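The values are calculated or read from the model by the stated rules, or taken from the named source; none is laboratory data. Predicted model, so just to flag it, every value in this text is computed and none were measured. Note that we place each Cβ from the backbone using ideal geometry, even for glycine, and neighbour counts take in every protein chain shown. With ligands, DNA and RNA removed, areas are computed over all heavy atoms of the protein, side chains included. Shrake-Rupley method; radii C 1.70, N 1.55, O 1.52, S 1.80 Å.
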Amino acid sequence: MTGARPDPDALLARAKEEEARKTRGRLKLFFGAAAGVGKTYAMLEAAGELKADGIDVVVGLVETHGRVETEALLKGLDVLPPRLVPYRGTTLREFDLDAALERHPTVIVVDELAHSNPEGSRHAKRWQDVLELADAGIDVYTAMNVQHLESLNDLVAKITGVVVRETVPDSTLERADEIELVDLPPDDLIQRLQEGKVYVPQQAQEAMRNFFRKGNLIALRELALRRTAERVDAQMQAYMRDHAIAKTWPVAERILVCVSPSPQAAQLVRAGRRLATHLGAQWIVAWVETPAAAKLSQADRDRVVQTLRLAEQLGAETVTLTGSTMSEELLAYARARNVSKIVIGKPARTLWKRILMGSIVDALVRGSGEIDIHVVSAEKDAGAPAPASRPVTPTAWAPYVEALAVVAACTGIAWLMFPHLGLSNLIMVYLLGVVAIAMRSGRGPTALASLLSVATFDFFFVPPFFSFAVSDTQYLVTFAVMLIVALVISGLTVRTRAQAEAARSRERRTAALYAMSRELASTRGVDDLLTIAVRHIVEVFPADVAVLLPEGGRLTPRTLPAATLHTDAAEQAVAEWVYAHRELAGLGTATLPGAAALYVPLIGSRGAAGVLGVKPAEPHAFDNPEQLHLLETFANQTALAIERATLADEAQASQVRIETERLRNSLLSSVSHDLRTPLATITGAATTILESGTRLDQRTQQELLESVRDEADRLNRLVQNLLEMTRLESGALQLHKDWHPVEEVVGAALGRLAKSLGSRRVSVSIPPDLPLVKIDDVLIEQVFVNLLDNAIKYTPPDSAIRIIVTATDQSLTAEVADHGPGLPKGQEALVFEKFHRAASEGRRGAGLGLAICRGVVQAHGGRIWAHNLPEGGVAFLFTLPLTDAPPASVPADA
């Protein structure tokens, strides 16, 4: 047992997570490299074992693909009936989420996690169904292949040449409580394909020529193994954090390379790269910024920046740590990341300096425990300038003068207290002065104050007075203890102040990033997002900023309020290079250093989204690696925001295109059908009259001509509906209102449809005292015509139709009811949508008549609706407002 305790914040977060997990079901994922490795088989085997143990297990949906051995495992398990969904002339068997929630078993098996649900389902993807089941407290067994993982989509496409459309977010994989890898060697999988155990023979041969090539299977298998290993490693690190396990568990190699401002640091990075490559391990390059780092020369700072950039180019993860002691920070970070090996350069200090001042290597060896320490020797670069003397910087004398003044003030206060208090109290006054100096100044003034305090205390208050001689040797112990205590207190105070300043700096950076990300998350539109990002970058880094985005094949600066950096042709060329190579360039870098600004690529998940140009007010502002990394973090947040806005625009445009295509297809199918029928009738009748006119009797000719007239009227109504719908959609519909009696409008509509009504019984109920209503009589007549035409289409020839008109003080209500089959449940509102058609007895319409009715009624300020009648049939009702009284000059029977 160690004395270390778990991090309270980590414990609190873990407790909240555990509390949330108590209310939701467990998610177990059977993970494989490709179809046919046996994921479904293993999942059903596990479900069968749970069933044998008396656990309530239900199979929600399983795709057996006709495999006999897999279908055999379904015997004895409760299988949920599928949801039947009609789709393009076929019927799909889909997972019934509502039935599963109502059944609420202990465990449910849902196959094909990446499956896309058909249109009209509650969720677009099956993984969303699975998460809802888990949130409802149901344990879920599910399966997926590695190629469906969202973060690996591009990589899988490069390997296999196939773009996988159905993907699952990585967060779903991370949500899984347990992942079981189902693995099969590529040769065995190919053998299963050839035996017809994965696909039917014809599909199997096609699959082996394309996706299931051996090279593809090997690569996919490696991806699945690596992704599973990463997931297990994350679980192990979480367990170690939760249980405050300080020592490293070397289950996987992870290397930490510690660099310094030494000219040999680049060689140390390359040595770490070689070691990581040899071991196949992850590697991290760390630079520890201690209080002493503030005294580094500009050349040393530049060297640290270049070393970290070299490490990133070689594939390392770089990190800047802040602490008072380099060895302690390195060991703490190494244990937090489960590092197995630390690589550090051979100490350059001489032996006596190592004895007096200590050595980082010795400190790491003493505190490393189970971590291996690799000490690498590096030869001096002959081409590099010798690290001669460090440039002499002028000394700031003000803190030293202040230290003298504080010691003098303490002496004066002690002199006043000396007659009344003991020497121990006077020592406290001096220690208080040392603390005050330590809180304001560095180590030099504090050490001077400590030494002067001991000297003045001896000179003024220890007999013999006004002399540095000591009459009693016990005072030597007092002086030594006083000096040690003063130095320790001053050192701790200076260290605490440095740590507080570092914490404040980190807090400012974190607050700035949080403020920007919060604003970006609640903003839409690329220009608005860029305005927010530039404003925050200027606040954190005083600089001129420009954002360049690709437009028309080249980068173009965006005009923004805070974007004050102007790019000429030379600067534009630097930005183009950064955009093409996705690397930093410009001011302060080794690439195109003559540029006036630093250019940072805006890299998102889909590649470079643009370039951020920053010209700092202080030319060396980004020499500090931490500042540069902070700028890159701002750039990454900006790139993700741009990508999110672009994806939103693309999704909206895609939705518009889909809707447009759907309407176009519906229009073409509807209009083509309704045009072909009357045109065929007209063509047939006209051809018959032309070819056999003289041989036809008068009655036959009359019937053919009437057919031509009726079908022409039908075509006229269709074209009129299309024109009216176009006017409604474009907002060009103009109402010509006047005072009219409703009975005349109804009579005109019945007259237009007299032949179509045939033998149907039409009953009209309109009160004689019904007031006049201010309407566009032509359009309202068209409403009645469309409603009556709809009733004619969907009712038997001998059925009855009724028209009822009533009025109140505020509105007039008209009802057109039939005695047909009625509307399907849930379609009462859908029937008023464009191109929505309800089929009955083979009769179909264009799907525009009711949509036009709704548009006309709403243009008059009314509303329209439909409901099924208890005795059968459907009633369509609409209202018209009666807000004004008709003028007295209009006769009541007009």
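Conditions (1) among the small types (Gly, Ala, Ser); (2) outside any helix (DSSP H, G or I), marked per residue:
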residue	(1), (2)
Val488	no, no
Thr493	no, no
Ala500	yes, no
Leu513	no, no
Leu520	no, no
Asp528	no, no
Thr559	no, yes
Val574	no, no
Would region 620-642 turn up any residue that is closer than 25 Å to Arg508 by Cβ, surrounded by 21 or more Cβ atoms within 10 Å (Cβ to Cβ), at pLDDT 85 or above and over 25 Å from the mean Cα position of the chain (by Cα)?
-> no
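Are there strands (runs of 3 or more DSSP E) fully within region 761-841 with at least 1 residues that are farther than 20 Å from Val856 by Cα and not aliphatic (A, V, I, L, M)? List them. Explain how you work it out, then say what you get.
Values: elements: 761-765, 773-775, 800-807, 811-818.
Counting at least 1 such residues, we get 761-765, 800-807, 811-818.
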Scanning region 118-145 for residues that are assigned to a helix (DSSP H, G or I), out of contact with any Phe, Trp or Tyr (no Cβ under 7 Å at 6 or more places or on another chain) and either under 18 Å from Glu94 (Cα atoms) or open to solvent by less than 30 Å² (accessible area, probe 1.4 Å) (or both) gives Trp127, Gln128, Val130, Leu131, Glu132, Leu133, Ala134
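For Val547, are the conditions met, namely being on the phi < 0 side of the Ramachandran plot and either modelled with pLDDT of 90 or more or not aliphatic (A, V, I, L, M) (or both)?
On the way: on the phi < 0 side of the Ramachandran plot: yes; either modelled with pLDDT of 90 or more or not aliphatic (A, V, I, L, M) (or both): yes.
In short, yes.
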Does Gln572 fit the bill of being polar (S, T, N, Q) and open to solvent by 70 Å² or more (accessible area, probe 1.4 Å)?
-> no
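In this structure, is Glu539 of a type in the set (D, E, K, R) and part of a helix (DSSP H, G or I)? Write out each step before concluding.
Numbers: of a type in the set (D, E, K, R): yes; part of a helix (DSSP H, G or I): yes.
For Glu539, the condition - of a type in the set (D, E, K, R) and part of a helix (DSSP H, G or I) - is met.
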Being closer than 30 Å to Ala143 by Cα and either open to solvent by less than 40 Å² (accessible area, probe 1.4 Å) or modelled with pLDDT of 80 or more (or both) is the filter here, so list the residues in region 227-251 that pass it.
-> Arg227, Thr228, Arg231, Asp233, Met236, Gln237, Ala238, Met240, Asp242
Any idea which residue in region 161-177 is nearest to Gly32 (Cα to Cα), counting only those that are open to solvent by 30 Å² or more (accessible area, probe 1.4 Å), assigned to a helix (DSSP H, G or I) and in contact (Cβ under 8 Å) with a residue 24 or more places away in the chain?
-> Glu174
What about Gly525, is it modelled with pLDDT under 80 and under 25 Å from Leu647 (Cα atoms)?
-> no
Check region 38-47 and report whether any residue there is more than 28 Å from Glu132 (Cβ to Cβ) and either open to solvent by less than 80 Å² (accessible area, probe 1.4 Å) or at pLDDT below 80 (or both).
-> no
Could you list all residues from region 798-818 that are out of contact with any Pro (no Cβ under 9 Å at 6 or more places or on another chain) and open to solvent by less than 40 Å² (accessible area, probe 1.4 Å)?
-> Ser799, Ala800, Ile801, Ile803, Thr813, Ala814, Glu815, Val816, Ala817, Asp818
Residues that are modelled with pLDDT of 75 or more: which helices (runs of 4 or more DSSP H) entirely in region 283-390 hold 2 or more of them?
-> 298-313, 326-336, 360-367
Taking Leu592 as meeting all but one of (1) open to solvent by 10 Å² or more (accessible area, probe 1.4 Å); (2) farther than 28 Å from Thr322 by Cβ; (3) in a helix (DSSP H, G or I), write down the number of the exception.
-> (3)
For region 756-797, name all the residues that are open to solvent by less than 40 Å² (accessible area, probe 1.4 Å) and small (Gly, Ala, Ser).
-> Ala791
